[in-house]
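Asker: Pasting a structure here, questions to come.
All of the numbers you see were taken from the coordinates with simple rules; none came from a lab. Predicted, not measured: the structure shown is a model, and the values here were computed from it. Please note: Cβ atoms are built from the backbone with ideal geometry, for glycine as well, and neighbour counts cover all protein chains shown.
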Amino acid sequence: MIRVVLPAHLRTLARVDGEVKLDVPPPVTFGAVLDALEDAYPMLRGTIRDHVTRQRRAFLRFFVCGEDLSHEPADTVLPEAVAAGDEPFLVVGAMAGG
Amino acid sequence: MSGIRLLVGTRKGAFILTSDGTRKSWDVSGPHFGGWEIYHLKASPADPNRLYASQSSGWFGQVIQRSSDGGRTWETMGNKFGYEGATGTHLWYDGTPHPWEFARVWHLEPSLTDPDTVYAGVEDAALFRSTDGGQTWKELPGLRTHPSAGVWQPGAGGMCLHTILLDPKTPGRMFIAISAAGAFRSDDAGASWRPINKGLRSEQIPDPTAEVGHCVHRIALHRTRPGTLFMQKHWDVMRSDDAGETWREVSGNLPTDFGFPIDVHAHEPETIYVVPIKSDSEHYPPEGKLRVYRSRTGGNEWEPLTKGLPQRDCYVNVLRDAMSVDSLDPCGVYFGTTGGQVYASADAGESWTAVVSHLPSVVSVEAQVLP
């Protein structure tokens, strides 16, 4: 079970409290995690990555086990700790006001 | 007794203000979608409980919301706004070609007859339509692929399609306006378009009378006389009596003819309202006095309406989609400010009351009469 932590505004949009838990078959890449997230919560489509290009939205980042994977390709396999559910996959909104 | 619902979009959420037909006391609901920019909300003329809202954020992009119960509950609809075919280029601020990029929905215009059909005006400028209640969106590409589109340029706020007017008398006729391309008309339900900017004069572009390139801020019409259009341009208040074929200036005795919104009295097609703003770089009322100006002669002769509005030290702006009228008698007039006030007049502008005073900066106001 993959644990995903969303920014507050996306939790509100998806109508979830706390972490999201997803079943993702191996290999657990972060692209596969995002696919599973969007399948489970279609209202999130387009809010994390572009509908067509699948590019990450500029002001979002993906953190895993203290590392920033935002610039890695979507087929990057996530660490075993994430695949096992010991560590969450974090979708983080950029630190910015406004 | 009829009621009134005001749909207010702000920089940090939506608010719904309701009153009975006296329009004296108001209930405030919100913020809905707190923290998100709500450029526009609008109700279907065919179903008063069907509302559409444009929700967007620099972080998370565009979301479309729909309510079927007058704004008590909402459901997230489709947000895939893909341009049809080759996207092409327009001119960027520096005059170089720039590919069309979707940024956000500025304006939602529900069909006059079908609650499931709604048009969306977007940045970069294009027109989309949904016929399934907002679940899916399809571009009407005839506008964006107009031969003049390659030289359209963004205004300071982006290259936005901000006004959509559906002609209630001529089937298939619609008007749109883009900053800073100008006004356009379709006579075939959005399939093809042509610029309707003859008579506009803009000294800020190389050819002041060019076919396109004018920064039209807003256009408005009266439902009984849709061949007459009123326009607040960047500078100049304009009027057309031939469905946009030609325009003439009707700024008359306004203290300044810069401004953003313009609207028409619900029962008097020759009574129009504007909010003069000092200049294009000083986006606040002249002399610190917030004044709505009304013309009962279809322009040229204007009177200030000040009762209940701040007449000193007021430096707010009123954005293009932030004025609306209701169809009660007397006509109600409403507007919101960048300072977070929403002012209401239940007597066609003679006197004003601040319905709310401390909302986030107001982007849009739509008035809706409830049965």
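Asker: For region B:5-17, name all the residues that are free of Cβ contacts under 8 Å to residues at least 60 places away in the same chain and surrounded by fewer than 24 Cβ atoms within 10 Å (Cβ to Cβ).
Answerer: First, the residues of region B:5-17 that are free of Cβ contacts under 8 Å to residues at least 60 places away in the same chain: B:14, B:16.
If the condition is that a residue be free of Cβ contacts under 8 Å to residues at least 60 places away in the same chain and surrounded by fewer than 24 Cβ atoms within 10 Å (Cβ to Cβ), then B:Ile16 is the only one that fits.
Asker: Next up: Determine if region B:288-300 includes at least one residue that is aliphatic (A, V, I, L, M) and either within 15 Å of B:Glu350 (Cα to Cα) or surrounded by fewer than 23 Cβ atoms within 10 Å (Cβ to Cβ) (or both).
Answerer: Yes, region B:288-300 contains a residue that is aliphatic (A, V, I, L, M) and either within 15 Å of B:Glu350 (Cα to Cα) or surrounded by fewer than 23 Cβ atoms within 10 Å (Cβ to Cβ) (or both).
Asker: For region B:309-363, please list each of the strands (runs of 3 or more DSSP E) lying entirely inside it that holds at least 3 residues being in contact with a Gly (Cβ under 9 Å, 6 or more places away or on another chain). Step through it out loud before you land on a result.
Answerer: Working: elements: B:323-325, B:333-336, B:342-345, B:353-356.
Per the criteria, B:323-325, B:342-345, B:353-356.
Asker: Listed residues A:Leu22, A:Leu37; which is under 21 Å from B:Ser57 (Cα atoms), surrounded by 18 or more Cβ atoms within 10 Å (Cβ to Cβ) and aliphatic (A, V, I, L, M)?
Answerer: Numbers: A:Leu22 fails: under 21 Å from B:Ser57 (Cα atoms).
The match here is A:Leu37.
Asker: A follow-up question, please. Among the residues of region B:141-159, are any within 27 Å of A:Leu44 (Cβ to Cβ), in contact (Cβ under 8 Å) with a residue 40 or more places away in the chain and among the hydrophobic types (A, V, I, L, M, F, W, C)?
Answerer: From region B:141-159, those within 27 Å of A:Leu44 (Cβ to Cβ) are B:158; that's our starting set.
If we keep only those that are in contact (Cβ under 8 Å) with a residue 40 or more places away in the chain as well, we get B:158.
With among the hydrophobic types (A, V, I, L, M, F, W, C) added as a condition, the list becomes none.
No; the residues of region B:141-159 include none that is within 27 Å of A:Leu44 (Cβ to Cβ), in contact (Cβ under 8 Å) with a residue 40 or more places away in the chain and among the hydrophobic types (A, V, I, L, M, F, W, C).
Asker: Next up: Report yes if B:Glu75 is among the charged types (D, E, K, R), within 14 Å of chain A (Cβ to nearest Cβ) and out of contact with any strand residue (DSSP E or B) (no Cβ under 6 Å at 6 or more places or on another chain), otherwise no. Steps first, answer last, please.
Answerer: Numbers: among the charged types (D, E, K, R): yes; within 14 Å of chain A (Cβ to nearest Cβ): yes; out of contact with any strand residue (DSSP E or B) (no Cβ under 6 Å at 6 or more places or on another chain): no.
Here the answer is no, as B:Glu75 does not meet what is asked.
Residue by residue, here is whether (1) within 12 Å of chain B (Cβ to nearest Cβ); (2) at positive phi holds:
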{"position": "A:Val4", "(1), (2)": "no, no"}
{"position": "A:Ala32", "(1), (2)": "no, no"}
{"position": "A:Cys65", "(1), (2)": "no, yes"}
{"position": "A:Leu69", "(1), (2)": "no, no"}
{"position": "A:Pro79", "(1), (2)": "no, no"}
{"position": "A:Ala94", "(1), (2)": "yes, no"}
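Asker: Condition first: on the phi > 0 side of the Ramachandran plot and surrounded by 21 or more Cβ atoms within 10 Å (Cβ to Cβ). Now tell me which residues in region B:331-371 satisfy that.
Answerer: Step one: list which residues in region B:331-371 are on the phi > 0 side of the Ramachandran plot, which gives B:340, B:348-349.
Matches in region B:331-371: B:Ala348, B:Gly349.
Asker: Here is a follow-up. Which pairs turn up if I take residues in region B:231-245 that are in contact (Cβ under 8 Å) with a residue 60 or more places away in the chain and buried (at least 23 other Cβ atoms within 10 Å of the Cβ) and look for partners that are part of a strand (DSSP E or B) and aromatic (Phe, Trp, Tyr) with beta carbon separation below 6 Å, at least 6 apart in sequence or on another chain?
Answerer: Once the first residue is in contact (Cβ under 8 Å) with a residue 60 or more places away in the chain and buried (at least 23 other Cβ atoms within 10 Å of the Cβ) and sits in region B:231-245, no partner that is part of a strand (DSSP E or B) and aromatic (Phe, Trp, Tyr) comes close enough.
Asker: For region A:42-59, check the following and say yes or no: at least one residue is within 14 Å of chain B (Cβ to nearest Cβ), in contact with a helix residue (DSSP H, G or I) (Cβ under 6 Å, 6 or more places away or on another chain) and not in a loop (DSSP other than H, G, I, E, B).
Answerer: Yes, there is a match, as at least one residue in region A:42-59 is within 14 Å of chain B (Cβ to nearest Cβ), in contact with a helix residue (DSSP H, G or I) (Cβ under 6 Å, 6 or more places away or on another chain) and not in a loop (DSSP other than H, G, I, E, B).
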